[in-house]
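Working notes for the structure below.
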Amino acid sequence: MKKWLFSLILLLATSFTYAQNNLIGQVVNAETGEALQHAHIYIKELNRGLLSNDTGFFFLKEIESNKLSVYISYVGFTEFNQQIDLSIGNTYSFPLSPSAFTSSTYVVTATRNKQEVSMIPARVDVIDEERIKSQSASNTDNYLQSVSGIYVNRSGGIFSRNASVSLRGLSSSARTLILLDGVPLNHASGGTINWHMIPVQDIRKIEIIKGPASAIYGMNAMGGVINILTNSPESGLGAEAEFGFGNFNTSAHRITVSNLHEFNKKNLYWSFNVSNKKGDGYFVTPDNLLDWYDAPLSIRETKASIKVGSKLSPSSHIENNFFYYDDIRFSGNEFYEPRGSFEKFNTLQNSLNYSSLFGKTQIDVVAFAHQENYYRLNENINNTELYKLSETFHKKDDIGLFLKVNRRFFKNHIVTSGIDLKEGLYDGKVIYRTTTDILNYQGNMLFAGIYAQDEFSLWKNKLSFNLGLRFDHVVFSDGAFGVENPTGETGFIDNESEKYSTKNWQSFSPKVGFRYKFWKSNSFYASVSKGFMPPKTDDLVRSGKISKGFKIANSELQAETLTNYEAGFSLNPSKKINIKTSFYKSFGKNFLYLLQTGDSIDMGDDTYRQIYKRRNIAEVEISGFEIDLNYTFSKALNFQANYTFSQPIISAYKDDEQQTNSSLVGKYLAETPFQQVFSSICWNNKIVNTSVSYNLIGKQFADDLNEFELQRYYLIDLRFSRNFGNHISTNLDIQNILNQKYLDRKGNQSIGRFVLLSIQYKI
Amino acid sequence: MIKNLVLFLIFSLILLSCKRESPINLPPHIEFKKSPAYITTDSTVAFGKLLKVGIIAEKALVNITNILIQVDTGVLVTAFDTSFNTDYFEYDYLLRKSQAEEEKWIFTIRDRDGAEQSISFVLKKSTFNDFSPILTFDSIVLKGRLNPDPKSFLSLSDFSTYTLAEAYNNQENIDIFYYYGPENHTMASPGANVEPDIFTGATPAYKFDFWAVRNTTRYKIFEVPKATFDAISNDSLLIIAYGVEEGKRKAKELVNGQVYSFADKTSRLGLFRVIDISGKDSGYIHMDMKIQE
């Protein structure tokens, strides 16, 4: 008896010993065989998660079961989910295939880390390379017209002075953070950007995060963030030339030369791009009102960019980008000056991006410097036929340093923290050439922000969370305004010289959000977030004429804040259909709004102008809804449509004397369409790739009292493109094919139909 | 990495330190027209005397953009200021000798780069006065545009009143326009910045924008007792009331008893006193007027 018992015990012991398996696994790229570092691995039977190491390996010891269910996920790759049998062997290679949707499915902007869109508890839209190729666009903001929740105001097409891009009912580009490869373009002094300086042909992808992102980006990110990502060289020495011709005697030329040199798992690359564009323009005055002094808007633009970068090691990268932009844009009238009134921008920007992985810690550094010189020559004849001529000089210098650190903790937490520092100098002067008036104004804004964010997921990434908090401190200093030798032209009676006291504002901007994948790739998200924006330097220091009247400075402005509640779905009823919806309600406090004071000023000789002043409105409520549908009939045929509803209302208002003013309560914010519709269909075929898009802009008010309603309008654009061999490709863009004309808020006529044929040659 | 960052910041600071250079200016040229019809030098002149000054100006390097006429009677005031953009400018200016013992008239031309040149002369008051006779009107009535008899326009040539349509057909004779608008009862002229809303309804075709001749009359408020106003028998008080500084193109917020001095397109001076003013767009103004012959 003891013998069989001993044998049983030995057998059991042997079995037990035999059941103590080890697993040696390596996660690799199925296509290239390259090891995938820090892949997520989950073993169901052990209820255990771990990460692959720097060489893709992972190790598990003393495993009791032979059969294991292994689940592996990695950013940019399809998931691996299979059973393995350790009785066959204990060394496995786990090949993961690159995802078919790599470009669109992953963004860097939403959380300042590369993250899968399906994990982000926010409304994220991506304009990927395919959409960029198929959509007609002569400026970067043209691409944004296809995104729900975004309103692009550019009535003059390429001849517009600038575009105004606003998100979710928040009028003014200043409330949307615009990044170019992670570098902010919004000026510290005013928040606006010059859309023309962005090299449209160089754009690889545009990531849009809707809703306040101040928890990680700080100011300007109240409505959201738009990050424009540019191309980097992907192969050896290459060159590309492009020639474009269009109506209004428009021509555009571009040359790009680039090179990528790879060696010892490192690389060095550079690209050089120079382009110019010019056109004779069109008349903004409606035909029946043309007068002798009306002249067409015309433009001359030159851009150049140099990119130099290097992959210093498998885990570190450095890149420097330099941009140069110069233009002259004529304003549509010509009295006595040769060519009439015009504006000039001259911009230089240099930025350095460095990122590196030190162990498990990723460090990213962005440093940038941006200088913009603006000049305007303005001539006009007023209602009493008195001729006026003035010159405006602005200089805006911005410099900044962003430092970000992120690291994984506790298997599935990505903790990110960082410090942002930015300073903006603003220096302006207006010289009146038909009188002796001279205005001077200046100011300095310093921004410092510190933030922290935790992204983590549960239940095999079915439930993901994002918790963020940022503290911003803004200091306004060296503010000054002066008037010399006034004659009444500027509305001033005597010389004035005012120095403004230093002001500062602080804000805590939290964000909490989650996304739950309730079935396969179908998910629901909800978030609460707060946005923050301090006053602009221009509003704090500058008094003077504006297009609609006379603006007086307000040095007592407070920062505005916005609290946003939103929820939405992302649904994939089939592999071909994707539907996204978002509902949001935002509550703004101390909203900055340009309002009439009720007074008018005698500008000399009985010419009266309404006086405006930027003020803090007590409360604003914005209700909104967006729905996007994407239907992929086949690889060659795709349909996209979206609808936007947005209703921003002034819900409470108090004037400077703290008197409740009911006349503005219930009014809609100006220059925000209530409804927008966009749809497009793209068909790629062997003969000619074709895309058609339709864009409807609904009713909006032009003024704060809602007395002037702007007409709604629609635009239909076409793009035809075709490649001839490996070197030549052509695009024919017809924007506004039905030649719809409408009047913008300034009473200017829109451009109508614009046609551009471009030919590219690539070697 | 730090070295790269430092080099980058140095490079950026160099970019940011560029400054503009200032251009060199030569002043424009200005001179008086020399002819017996014009005054060009220091003179002794009677109080009230109307004089003509002729100015010729030419650019040096860049176009001239502004002419400024000032008079210094111990206090420097601007008598005339207008702007343009041209290489050559010629202008005749009418001035009237004030009651100051001595006044210096300064004529400054300025170009678009701010370079300027001035010429001047001094007028001394003679012991004689040069007053002119005046015309007196005890009852001039102008009516609002919605009045059943909408005669809103006045000619200072024949002192007839006109409706809008009649005035449109007699543009060269129209000097004064009365209306009720955003600044209540207002006296203006076709050359003033009159609100377009005034011409809505059946009359937009006759808006001042479509007039070929738009005479301008300028106004200044003047406080004078009724008895003094009634006793005016020559233009001495009319000259004092208007002064040298240019008036406004509108007399606004008119009320009973107010007195305004005015100068028409030929610098002919006058005074009007509001006797009665009533209503709004269909109202009227009833005034007395004293005006140089």
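Some points to look at:
- Selection of segment A:460-486 for residues being in a strand (DSSP E or B) and open to solvent by 30 Å² or more (accessible area, probe 1.4 Å) yields A:Phe465, A:Leu467, A:Leu469, A:Phe471, A:His473, A:Val475, A:Asp478, A:Glu484.
- Listed by first and then second residue, the pairs linking a residue in segment A:75-98 that is of a type in the set (Asp, Glu) to a residue that is open to solvent by less than 40 Å² (accessible area, probe 1.4 Å), with Cβ atoms under 6 Å apart and 6 or more places separating them unless they lie on different chains, are A:Glu79/A:Ser73.
- Looking only at segment A:78-90, and only at residues there that are part of a strand (DSSP E or B) and open to solvent by 30 Å² or more (accessible area, probe 1.4 Å), the one that is modelled with the highest pLDDT: A:Asp85
- Screening A:Glu489 with (1) in contact (Cβ under 8 Å) with a residue 60 or more places away in the chain; (2) part of a loop (DSSP other than H, G, I, E, B); (3) open to solvent by 20 Å² or more (accessible area, probe 1.4 Å) gives one miss only, at (3).
- Here A:Ala448 qualifies as surrounded by fewer than 17 Cβ atoms within 10 Å (Cβ to Cβ), assigned to a strand (DSSP E or B), more than 11 Å from every other protein chain (Cβ to nearest Cβ) and touching an Asp or Glu at 6+ places or on another chain (Cβ under 8 Å).
- Restricting segment A:263-298 to residues that are polar (S, T, N, Q) and open to solvent by less than 80 Å² (accessible area, probe 1.4 Å), the residue that is farthest from A:Gly244 (Cα to Cα): A:Asn267
- Scanning segment A:217-232 for residues that are open to solvent by less than 10 Å² (accessible area, probe 1.4 Å), among the aliphatic types (A, V, I, L, M) and closer than 18 Å to A:Ala448 by Cα yields A:Ala221, A:Met222.
- Taking segment B:180-203 as the range and being farther than 24 Å from B:Leu238 by Cα, within 14 Å of another protein chain (Cβ to nearest Cβ) and of a type outside the set (D, E, K, R) as the test, the residues that pass are B:Gly181, B:Pro182, B:Asn193, B:Val194, B:Pro196, B:Ile198, B:Phe199.
- B:Phe11 being within 14 Å of another protein chain (Cβ to nearest Cβ) and modelled with pLDDT under 90: yes
- Those residues of segment A:333-386 which are more than 10 Å from every other protein chain (Cβ to nearest Cβ), among the acidic types (Asp, Glu) and open to solvent by 40 Å² or more (accessible area, probe 1.4 Å), in sequence order: A:Glu334
- Those residues of segment B:14-32 which are away from chain A (no Cβ under 14 Å) and at pLDDT below 70, in sequence order: B:Ile24
- Scanning segment B:198-206 finds one or more residues that are surrounded by 15 or more Cβ atoms within 10 Å (Cβ to Cβ), closer than 27 Å to B:Asp149 by Cα and touching a Leu at 6+ places or on another chain (Cβ under 7 Å).
- Residue in segment A:137-145 that is farther than 24 Å from A:Leu185 by Cα and either free of Cβ contacts under 8 Å to residues at least 24 places away in the same chain or surrounded by 14 or more Cβ atoms within 10 Å (Cβ to Cβ) (or both) present: no
- The residue that is most open to solvent (accessible area, probe 1.4 Å), counting only those in segment A:403-419 that are in contact (Cβ under 8 Å) with a residue 40 or more places away in the chain and in contact with a Leu (Cβ under 8 Å, 6 or more places away or on another chain), is A:Lys411.
- On the stretch given as segment B:68-77, residues that are among the β-branched types (Val, Ile, Thr) and out of contact with any Ser or Thr (no Cβ under 8 Å at 6 or more places or on another chain) total 2.
- Identity of the residue in segment A:312-321, of a type in the set (Ser, Thr, Tyr) and within 13 Å of chain B (Cβ to nearest Cβ), that ends up surrounded by the most Cβ atoms within 10 Å (Cβ to Cβ): A:Ser316
- Apart from one condition, A:Ser663 fits all of (1) at pLDDT below 95; (2) crowded, with 17+ Cβ neighbours inside 10 Å; (3) in contact with a Leu (Cβ under 9 Å, 6 or more places away or on another chain); the exception is (2).
- Among the residues listed as A:Asn736, A:Asn723, A:Asn731, the single one being under 30 Å from A:Ala241 (Cα atoms), without any contact (Cβ under 8 Å) to a residue 12 or more places away in the chain and of a type outside the set (Asp, Glu): A:Asn723
Residue by residue, here is whether (1) part of a strand (DSSP E or B); (2) in contact with a strand residue (DSSP E or B) (Cβ under 6 Å, 6 or more places away or on another chain); (3) modelled with pLDDT of 90 or more holds:
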residue: A:Ser680; (1), (2), (3): yes, yes, yes
residue: A:Asn685; (1), (2), (3): no, no, no
residue: A:Thr690; (1), (2), (3): yes, yes, yes
residue: A:Asn695; (1), (2), (3): yes, yes, yes
residue: A:Asp704; (1), (2), (3): no, yes, no
residue: A:Glu707; (1), (2), (3): no, no, no
residue: A:Asp717; (1), (2), (3): yes, yes, yes
residue: A:Arg722; (1), (2), (3): yes, yes, yes
residue: A:Asn726; (1), (2), (3): no, no, no
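- When A:Ile178, A:Ile158 are checked against the criterion of being in a strand (DSSP E or B) and open to solvent by less than 10 Å² (accessible area, probe 1.4 Å), A:Ile178 stands alone in meeting it.
- So A:Val528, is it more than 30 Å from A:Asn638 (Cα to Cα) and either open to solvent by 40 Å² or more (accessible area, probe 1.4 Å) or small (Gly, Ala, Ser) (or both): yes
- Test: residue in segment B:147-158 that is assigned to a strand (DSSP E or B) and among the charged types (D, E, K, R): no
- Residue match in segment A:509-523 (condition: among the β-branched types (Val, Ile, Thr) and open to solvent by 60 Å² or more (accessible area, probe 1.4 Å)): yes
- Test for A:Tyr324: is it open to solvent by 70 Å² or more (accessible area, probe 1.4 Å), in contact with a strand residue (DSSP E or B) (Cβ under 7 Å, 6 or more places away or on another chain), assigned to a strand (DSSP E or B) and within 14 Å of another protein chain (Cβ to nearest Cβ): yes
- Hey, A:Arg609 open to solvent by less than 40 Å² (accessible area, probe 1.4 Å) and basic (Lys, Arg) or not: no
- Once segment A:687-704 is narrowed to residues that are without any contact (Cβ under 8 Å) to a residue 40 or more places away in the chain and touching a Phe, Trp or Tyr at 6+ places or on another chain (Cβ under 6 Å), the residue that is surrounded by the fewest Cβ atoms within 10 Å (Cβ to Cβ) is A:Lys699.
- Taking the numbered list (1) modelled with pLDDT of 90 or more; (2) closer than 26 Å to A:Asn350 by Cβ in turn, A:Leu167 passes all entries but (2).
The values are calculated or read from the model by the stated rules, or taken from the named source; none is laboratory data. This is a predicted model, so every value here is computed, not measured. FYI the Cβ positions are ideal-geometry reconstructions off the backbone, even for glycines, and counts take in every protein chain you see. With ligands, DNA and RNA removed, areas are computed over all heavy atoms of the protein, side chains included. Shrake-Rupley method; radii C 1.70, N 1.55, O 1.52, S 1.80 Å.
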